[in-house]
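Visitor: Questions regarding the structure given below will be posed in turn.
No value in this document is a laboratory result; all are computed from the given coordinates. All figures in this text were calculated on a predicted structure; none of them were measured in a lab. Every residue, glycine among them, receives a Cβ derived from its backbone with ideal geometry; neighbour counts consider all protein chains shown.
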Amino acid sequence: MLTKIWKDPVWSKVIAVAIITITGGAITYFAGLLPKIKAFSLALWGFFITKTPIYNWLIIILIIPLTLLLIVFVSHIVSSVKGKGKFLNSNDYTSDNFDTLKWIWKYGSDGYIYEVVSLCPKCDYQIIPKFANAYHAAPQYEFKCDECGYNGGFCEGEYEEYEQKIKLKIQKNLRTKEWEKRVIAQQ
Ligand SMILES: [Zn+2]
């Protein structure tokens with residue numbers, strides 16, 4: 001419909017004239033306002049740079065509310081910093097350092113701990129345990145960071161058992177409320 005009107009020779013001319021008239025009118029209108037805008041800006045600038053003698057009592061009266069405002073503002077910041085641990089939820093406890101490594105995990109809807117992952121405590125790169133010694137009586141896994149070369153040592157026995165121990169440590173911290181201190185320490 002619109003393209004049809006636009007392509008129509010008569011209509012397109014009418015629209016073009018209308019656009020030119022409106023634009024021209026707008027330009028003239030704003031150009032007329034220019035001196036007023038300039039005068040207003042100058043007056044405003046003049047107000048800013050003009051010195052005014054003020055009674056000292058007026059200054060004191062103005063300073064009092066400003067000081068009170070500043071005190072309220074500062075105390076608000078202090079209390080918000082102090083109260084950081086107040087509204088912590090145990091679900092916020094999703095990382096901690098155990099043994100030589102940093103561990104992160106997730107919680108399921110039933111509170112079940114899953115996706116326990118070991119990270120490099122120096123650079124946060126994920127450390128995937130490598131099977132180290134097949135000839136040893138018990139299997140050994142090495143925790144070495146491929147990114148920065150950090151060596152987290154070995155774990156003896158099956159990795160699943162080691163991961164289970166980490167889960168038990170997390171659960172213990174949740175039970176004993178130790179997690180709160182750990183989360184605050186990490187902040
Ligand atoms: Zn690393």
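Visitor: Going by the alpha-carbon gyration tensor, a ≥ b ≥ c the square roots of its eigenvalues, is the chain rounded (a/c under 1.5) or, if a/c is not under 1.5, prolate (a/b greater than b/c) versus oblate?
Guide: Oblate is the answer for the chain, as a/c is 1.5 or above yet b/c matches or exceeds a/b.
Visitor: Now, a different point. Treating the angle as unsigned and between 0 and 90°, give the value, to the nearest 10°, between the Cα long axis of helix 56-82 and the longest Cα principal axis of the chain.
Guide: It works out to around 30 degrees.
Visitor: Also: Taking only Cα atoms, what is the 0 to 90° angle, nearest 10, from helix 159-175's long axis to the longest principal axis of the chain?
Guide: 60
Visitor: Which pairs, out of LYS130/LYS177; LYS13/LYS36; LYS130/LYS165; LYS106/LYS130; LYS144/LYS177, put more than 27 Å between their alpha-carbon atoms? Before the final figure, lay out the partial values.
Guide: Numbers: LYS130/LYS177 33 Å; LYS13/LYS36 36 Å; LYS130/LYS165 18 Å; LYS106/LYS130 23 Å; LYS144/LYS177 31 Å.
Over 27 Å Cα-Cα: LYS130/LYS177; LYS13/LYS36; LYS144/LYS177.
Visitor: Before rounding to the nearest 500, sum -39500 (n - 2.57) across all DSSP H runs of length at least 4 in the chain and divide by the residue total; then give [θ] at 222 nm in deg cm²/dmol.
Guide: -18500 deg cm²/dmol
Visitor: Helix 9-49: angle to the longest alpha-carbon principal axis of the chain, degrees 0 to 90, nearest 10?
Guide: Helix 9-49 sits roughly 80 degrees off the main axis of the chain.
Visitor: Once you order the gyration tensor axes a ≥ b ≥ c over the Cα atoms, which shape class does the range 2-84 get: rounded for a/c under 1.5, otherwise prolate or oblate by comparing a/b with b/c?
Guide: Verdict is oblate for the range 2-84.
Visitor: Which order results if ARG182, ARG175 are arranged by neighbouring Cβ count within 10 Å, fewest first?
Guide: ARG175, ARG182
Visitor: Let me ask something else. Using modelled backbone amide H atoms (1.01 Å from N, in-plane), which distant-in-sequence or interchain residues come within less than 5 Å of LEU119's amide H?
Guide: LYS102, TRP103, ILE104, ILE127
Visitor: Below 16 Å, Cα to Cα, which aspartates and glutamates can LYS122 reach? Residues fewer than 8 away in the same chain don't count.
Guide: Candidates past the 8-residue exclusion: ASP96, ASP99, ASP146, GLU147.
Visitor: Of the candidates THR67, THR28, THR176, which one comes out as most mobile in a Gaussian network treatment of the chain with C-alpha springs shorter than 10 Å?
Guide: Of THR67, THR28, THR176, the most mobile in the Gaussian network model is THR28.
Visitor: While we're looking at this one, here's another question. What number, in percent, do you get for the relative contact order of the chain if the mean sequence gap of Cα pairs under 8 Å and at least 6 apart is divided by its residue count?
Guide: About 12 percent, as a whole number.
Visitor: Moving to a separate point now. What residue among VAL116, VAL72, VAL14 shows peak mean-square fluctuation when the chain is described by a Gaussian network model with Cα springs under 10 Å?
Guide: Comparing VAL116, VAL72, VAL14 in the GNM, the peak value goes to VAL14.
Visitor: Sticking with this structure for a sec: Considering only PRO53, PRO139, PRO129, give the residue with the highest GNM mean-square fluctuation for the chain, with springs between Cα atoms whenever their separation is below 10 Å.
Guide: PRO53
Visitor: Give me the net charge for the shell around THR100: Cβ to Cβ below 14 angstrom, other residues only, Lys and Arg +1, Asp and Glu -1. Mind showing how you got there, number by number?
Guide: On the way: positive: LYS102, LYS122, LYS144, LYS165, LYS169; negative: ASP96, ASP99, GLU142, GLU156.
Around THR100, the surrounding residues sum to +1.
Visitor: Taking the Cα centre of the chain as origin, sum charge times position over the Cβ atoms of Lys and Arg (+1) and Asp and Glu (-1), and report the length of that vector in debye to the nearest 20.
Guide: Here the size comes out at about 1360 debye.
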